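Participant: Pasting a structure here, questions to come.
The values are calculated or read from the model by the stated rules, or taken from the named source; none is laboratory data. Every value quoted in this text rests on a predicted model; they were computed, and no experiment measured them. Here the Cβ positions follow ideal geometry from the backbone for every residue, glycine too, while neighbour counts run over all protein chains shown.
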Amino acid sequence: MIKTFYVMRHGQTRFNLQGRIQGACDSPLTELGIEQAKSARQHFKEEGITFTRVYSSTQERACDTAELATGRTDYIRLKGLKEMDFGSYEAHQEYLNPPLHREDGSGYRDYFVAYGGESNVQVYERMYQTIHDIVEESKEDETLLFVSHGGAITQFYLHATKNPPVPKKRLANCAIFKITDDGEDMLVQSIYDPSSQEYVYERKQK
């Protein structure tokens, strides 16, 4: 039995535009961010994708994206889908971030723990537990959408899916992951960028 679900990043925000660190803190979608979410909705329409249930991070930028991308207000807000907490670094300029550990996908590791934030493992574990539990109890004919954040999504798919695609650049706003789960392995089938209206990754079928 194979289940299919989608994981999507929120649209561009004011802090994204200003190059500010945005994790536990929040800022509204920009006009471009709104258009990105609307483009995602158009993609779902063109692909004939209708969601049985929609889940969102509790943060405003994700909630607004969920509403714009699906046209629904009955989505379920979950703290497990929130972005990584950067502690005292929140809202400061992004150039203050330490280097990412791209070689093993561990991101910032536990750097921000000393400043009141989260480690990459904490983020991965809550993301995985939240998504896994919902997918596991869902029915095969259901289609689920989870709206979350760049850092949280990256930790989830790099560590929860089998042979994940290696990111060459930062995850685009409103990037849409199509993921399948056969009960043993999760696989990223594709990543779609609504802004450029192209698939930045598609799994080769054997």
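Participant: Which condition number in (1) at pLDDT below 95; (2) buried (at least 16 other Cβ atoms within 10 Å of the Cβ) is the one that Arg102 fails?
Facilitator: With (1) at pLDDT below 95; (2) buried (at least 16 other Cβ atoms within 10 Å of the Cβ) applied to Arg102, the lone miss is (2).
Participant: Test of understanding: among Gly19, Gly80, which residue is more than 24 Å from Tyr128 (Cβ to Cβ) and either crowded, with 22+ Cβ neighbours inside 10 Å or not acidic (Asp, Glu) (or both)?
Facilitator: On the way: Gly80 fails: more than 24 Å from Tyr128 (Cβ to Cβ).
Only one candidate passes the filter, namely Gly19.
Participant: If Val135 satisfies every condition in (1) in a helix (DSSP H, G or I); (2) touching a helix residue (DSSP H, G or I) at 6+ places or on another chain (Cβ under 9 Å); (3) aliphatic (A, V, I, L, M) but one, which is the exception?
Facilitator: (2)
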